[in-house]
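Scroll down for the structure; my scribbles are underneath it.
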4 protein chains.
Amino acid sequence: MPDNLTDLITELALANRILGHEGVLDAFGHVSVRHPSDPGRYLLPRSRSPLLIEPDDILEYTLDSEPVKPPKVALYAERVIHGCIYQARSDVMAVCHHHAAAVLPFCVAEKPIVPVFHLGGTIGEEIPFWDQHDEFGDTNLLVVKQEEGRSLARALGQHSVVLMLRHGATVVGRSLKDLVLRSIFICQNAEYQLRAHTLGSASPLYPGEIRQADVLHQQRAGVDRAWEYWSMRLEAAGAMPPRRSSAKAARRSVPKPSRVTPRERRKGRRR
Amino acid sequence: MPDNLTDLITELALANRILGHEGVLDAFGHVSVRHPSDPGRYLLPRSRSPLLIEPDDILEYTLDSEPVKPPKVALYAERVIHGCIYQARSDVMAVCHHHAAAVLPFCVAEKPIVPVFHLGGTIGEEIPFWDQHDEFGDTNLLVVKQEEGRSLARALGQHSVVLMLRHGATVVGRSLKDLVLRSIFICQNAEYQLRAHTLGSASPLYPGEIRQADVLHQQRAGVDRAWEYWSMRLEAAGAMPPRRSSAKAARRSVPKPSRVTPRERRKGRRR
Amino acid sequence: MPDNLTDLITELALANRILGHEGVLDAFGHVSVRHPSDPGRYLLPRSRSPLLIEPDDILEYTLDSEPVKPPKVALYAERVIHGCIYQARSDVMAVCHHHAAAVLPFCVAEKPIVPVFHLGGTIGEEIPFWDQHDEFGDTNLLVVKQEEGRSLARALGQHSVVLMLRHGATVVGRSLKDLVLRSIFICQNAEYQLRAHTLGSASPLYPGEIRQADVLHQQRAGVDRAWEYWSMRLEAAGAMPPRRSSAKAARRSVPKPSRVTPRERRKGRRR
Amino acid sequence: MPDNLTDLITELALANRILGHEGVLDAFGHVSVRHPSDPGRYLLPRSRSPLLIEPDDILEYTLDSEPVKPPKVALYAERVIHGCIYQARSDVMAVCHHHAAAVLPFCVAEKPIVPVFHLGGTIGEEIPFWDQHDEFGDTNLLVVKQEEGRSLARALGQHSVVLMLRHGATVVGRSLKDLVLRSIFICQNAEYQLRAHTLGSASPLYPGEIRQADVLHQQRAGVDRAWEYWSMRLEAAGAMPPRRSSAKAARRSVPKPSRVTPRERRKGRRR
């Protein structure tokens, strides 16, 4: 993962578009990455469909999910999903919340997704469920309050994915590319599992296979091959993100003192 | 919703193409909007596939589904669906009749569609069925007579959608954009519900969740985000509607006395 | 249907490409039309995938499925399907043999396709099955002998479609456009029927509805609307057929005495 | 199959892209061909997604799956699949390893794929399963060791395809084009079989039909028609492989003594 802010913003715009183009995200859903030099902040686009995200759309947030600069644009309502997970999991570097068509049937039928093929191993042995109604009763199902975000983060625990009943899924990654792989492979896995179900039953990988398959998919060779493939598909569709506007780029290239509050900084660094 | 006739006609052409491009409409199906200044009229294209509609194709109708000007083009046979619903429901500003692939299995199996995810909440708690055969016996299943249209409008009642057995669905909206959202989300909802069914059973949202999710999707933030996304997809496919021809635009920009009959006017205004 | 040979050849190339583009035909399958002025002949492309067919690829055959001119190109092996049906059914003006993905599951499971929505009415009340193995034992399943073609034509009888077990389907039309509509709508119908089956059961149209729906879909309004739609989609994909090369066109514009044998002519005219 | 190395490399790049474009391969999976003049070698691209393969990416390997020249690029980890099958089966001229979406449900549910339509006949009467866990216990499921490759080759036996539980499939061909046909048709066959299953049951072809259908699909007419179709689709998507860079081509056009070891040569020639 780039440790340079400008490169990471470019990669985040690309990740948004790849996940939009590969059918994980549509008009809704969002992808963030932890700030490369300040673990008490994260980067998330303004409220816009992922396939349209440009580097200029990307804003900085504290882990309380407050924008660092007063925003002139609309923000995602559900950004606490990101902030609360970054607070709870110092190992998480990137977060994606989505309502992918492959995953929704499992969120509706309340049937667990289990890894059924080697690439599915990257999602881990168990994917927990979270039902917003259990703790918060009738809502519009959006995760907008800090306590809702914290409840979701607790349900996620140390797992890679949490399924949100009647809503969607939230996936975390050890890097932005790791997140993109997991988000795409959980969809493929869910699709094959559902179809296997129509043939009879779907047997999961052995626990030892899951662990080894996950290690495998942290290796650069496979990640790079997949990333080149998805980028090429995006480019063939004429959907690559534009470069950052030079004015903004110039402004950002000057390092600035962080405006994060001491409390936010503590939170971010404590984990 | 634009209160200006020219802008609304532009938006209606775009709505037709978005619904065509997103898989709700194909060669058949149609979308109308109530006239912005005369509630006793509505706007509906001439008989043409929705993905091809241009502003110049859009005609004015009275609520008896008669064209205001003698038409030189073929008209949709089923326009009474629109007129009868505008007569029965003064709160309805836009109507879409379709045979979407996601919805048809439910019209064939006579299984109710229920909201199973938050975006599905916009379709309401219950979707009634209508069987043309019950009241009219053997027909070609097209809704072409006033009494057929009125019967369908009665079945719709105060709901957002009515499923027409062995035929398709009719959706209504509080605005054109509200209609487009509902039409697309009912298809996503039906798809997830059917697939959840193959895994076991599909649990609907709680009634309170449905009400709150519907309120949510009347807010501008989500509507605008989705509209930008669908428009971008249409543009990327090179399928944006052309502008209205200037001759016609010039002609229309001159306000004209309404040719609606007193009886039609009464009907339109009474509700 | 054009009664002019050149226009009909143009329409046949277009019909091939529409059916290729709409997913009815892929690398295989073929579409023919009866000769506009000589009922004892039919027009069918040389052996080539339908989406690639150009007017110059189209050849004339006698009803014994012999090319009228000595061919310099490879011919479809299964052309007897066309000849034998034109011999048996004087009302049939166009024939399509295909292995569409929507229809194959029914040919594999030996489950009847029944019309389940109004556009499906055009396929008629009953679709018979034909099992080549019953009469001919082990074959490669291609219909290449006259007796195989005649057996298939007998199974078709007066119906619109015959399902060929473990192989595909053959559809007939009262015109080329009627054939294209039926071929596309049987695929949609099969898709909805299969999916309705996963929800419970699929109820067919009432017999009277089927008859009236079929009459409806012979009317020009719907046919023209659908044809414009499919043509537009083909054009948007950059896949419209090229015009006939002028040399060939010049040669063909000179009327020539038919080389059909008296026996073939009798056959063609007798029905 | 071209017996000229340059032409075969061009065909191999094209085969990779066709299988990528037709949905058999995605970011992963790979296709190889036996060397046209040295049966003790095979050609396989460097580690890259199949839809991106260019002639310059293609490397020579011994049957021990060692690159003939010291590689400057990353290699596929699972190349022993190819080498071990070429060692075990002298009749095999091309190999494809894939994780196609149509086939995976059968690898997950452990249900056999059987030929259910005439084009499916090309996959043969029986497709064996292989479970890496049986012999090797917990692995990451990649086939990377010689003994894993040999075990897989034993499971394949004299068949055309072997299904790898929780992983994917490996297909072999009598030529590169034969391999491409089989790889695509097994996916179509699996899709129809799964869908037939939702309607009831899927009856396979009669054994005699399978044998005759396989003979049929070795004939040039059908192969050429399908190849033209897939190439056209690839070209329409702007995805044809570039030509080989002239520098490399020049270098390769000079025949060179083989650097294969005597042991490798023996292996390759012995079979």
Handout entry: Criterion violated by B:ALA153 - all others in (1) modelled with pLDDT of 95 or more; (2) assigned to a loop (DSSP other than H, G, I, E, B); (3) touching a helix residue (DSSP H, G or I) at 6+ places or on another chain (Cβ under 9 Å) satisfied
Key = (2)
Problem - Residue that is nearest to A:THR139 (Cα to Cα), among those in the range B:176-215 that are aromatic (Phe, Trp, Tyr) and in contact (Cβ under 8 Å) with a residue 40 or more places away in the chain - result: B:PHE185
Practice task
Being crowded, with 22+ Cβ neighbours inside 10 Å and either part of a strand (DSSP E or B) or not polar (S, T, N, Q) (or both) is the filter here, so list the residues in the range B:12-25 that pass it.
Solution key: B:LEU12, B:ALA13, B:ALA15, B:ARG17, B:ILE18, B:LEU19, B:GLY20, B:VAL24, B:LEU25
Exercise for the section: For B:ALA77, state whether it is in contact with a Cys (Cβ under 9 Å, 6 or more places away or on another chain) and at the interface with another protein chain (Cβ under 9 Å from one of its Cβ atoms). Expected result: no
Practice task
Please state which one of C:PRO70, C:PRO55, C:PRO45 is surrounded by fewer than 20 Cβ atoms within 10 Å (Cβ to Cβ) and either out of contact with any Gly (no Cβ under 7 Å at 6 or more places or on another chain) or more than 14 Å from every other protein chain (Cβ to nearest Cβ) (or both).
Solution key: C:PRO70
Practice task
Determine, yes or no, whether C:VAL144 is within 17 Å of C:ILE81 (Cα to Cα), crowded, with 20+ Cβ neighbours inside 10 Å and either out of contact with any His (no Cβ under 7 Å at 6 or more places or on another chain) or among the acidic types (Asp, Glu) (or both).
Solution key: no
Problem - The lone exception for C:SER160 - which of (1) within 14 Å of chain D (Cβ to nearest Cβ); (2) within 14 Å of the chain's Cα centre (by Cα) it fails - result: (1)
Problem - Checking D:ALA88 against (1) buried (at least 24 other Cβ atoms within 10 Å of the Cβ); (2) under 16 Å from the mean Cα position of the chain (by Cα), the condition it does not meet - result: (1)
Fill in the blank from the handout: Those residues of the range D:91-102 which are in contact with an Asp or Glu (Cβ under 9 Å, 6 or more places away or on another chain) and surrounded by 20 or more Cβ atoms within 10 Å (Cβ to Cβ) amount to D:MET93, D:ALA94, D:HIS97, D:HIS98, D:HIS99, D:ALA100, D:ALA102
Exercise for the section: Show the residue pairs that are 6+ apart or on different chains and have beta-carbon atoms under 7 Å apart, the first residue being within the range A:101-127 and away from chain D (no Cβ under 14 Å) and in a loop (DSSP other than H, G, I, E, B), the second being modelled with pLDDT under 95 and surrounded by 24 or more Cβ atoms within 10 Å (Cβ to Cβ). Expected result: none
Exercise for the section: Quickly run through the range D:1-11 and pick out the residues that are at pLDDT below 95 and either in a helix (DSSP H, G or I) or not aliphatic (A, V, I, L, M) (or both). Expected result: D:PRO2, D:ASP3, D:ASN4
Practice task
Might you check whether a residue that is modelled with pLDDT under 90 and under 19 Å from A:ASP56 (Cβ atoms) occurs anywhere in the range A:230-243?
Solution key: yes
Handout entry: Inter-residue pairs, beta-carbon under 7 Å, first of a type in the set (Asp, Glu) and in the range B:66-93, second not in a loop (DSSP other than H, G, I, E, B), 6+ apart
Key = B:GLU78/B:HIS97
Problem - Total residues in the range A:137-150, condition assigned to a helix (DSSP H, G or I) and touching a residue at least 40 places away in the same chain (Cβ under 8 Å) - result: 4
Fill in the blank from the handout: All-but-one check, D:LEU59 against (1) free of Cβ contacts under 8 Å to residues at least 40 places away in the same chain; (2) closer than 23 Å to D:ALA226 by Cβ, failing number (2)
Practice task
Might you let me know whether the range D:88-107 holds any residue that is of a type in the set (S, T, N, Q), in contact with a Phe, Trp or Tyr (Cβ under 8 Å, 6 or more places away or on another chain) and farther than 20 Å from D:LEU181 by Cβ?
Solution key: no
Exercise for the section: Please find, among B:ASP134, B:ASP178, the residue that is on the phi < 0 side of the Ramachandran plot, away from chain C (no Cβ under 14 Å) and assigned to a helix (DSSP H, G or I). Expected result: B:ASP178
Practice task
Determine, yes or no, whether A:ILE184 is within 17 Å of the chain's Cα centre (by Cα) and hydrophobic (A, V, I, L, M, F, W, C).
Solution key: yes
Handout entry: Any hit, the range C:67-81, residues being more than 19 Å from C:ASP26 (Cα to Cα) and part of a helix (DSSP H, G or I)
Key = yes
Problem - So B:PRO39, is it surrounded by fewer than 22 Cβ atoms within 10 Å (Cβ to Cβ), in a loop (DSSP other than H, G, I, E, B), in contact (Cβ under 8 Å) with a residue 60 or more places away in the chain and not aliphatic (A, V, I, L, M) - result: yes
Practice task
Return the total of residues in the range A:181-237 being buried (at least 22 other Cβ atoms within 10 Å of the Cβ), more than 7 Å from chain D (Cβ to nearest Cβ) and among the hydroxyl-bearing types (Ser, Thr, Tyr).
Solution key: 1
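The values are calculated or read from the model by the stated rules, or taken from the named source; none is laboratory data. Note that this is a predicted model, so its numbers are computed, not measured. Glycine gets a Cβ as well: all are built from the backbone with ideal geometry, and neighbour counts include every protein chain shown.
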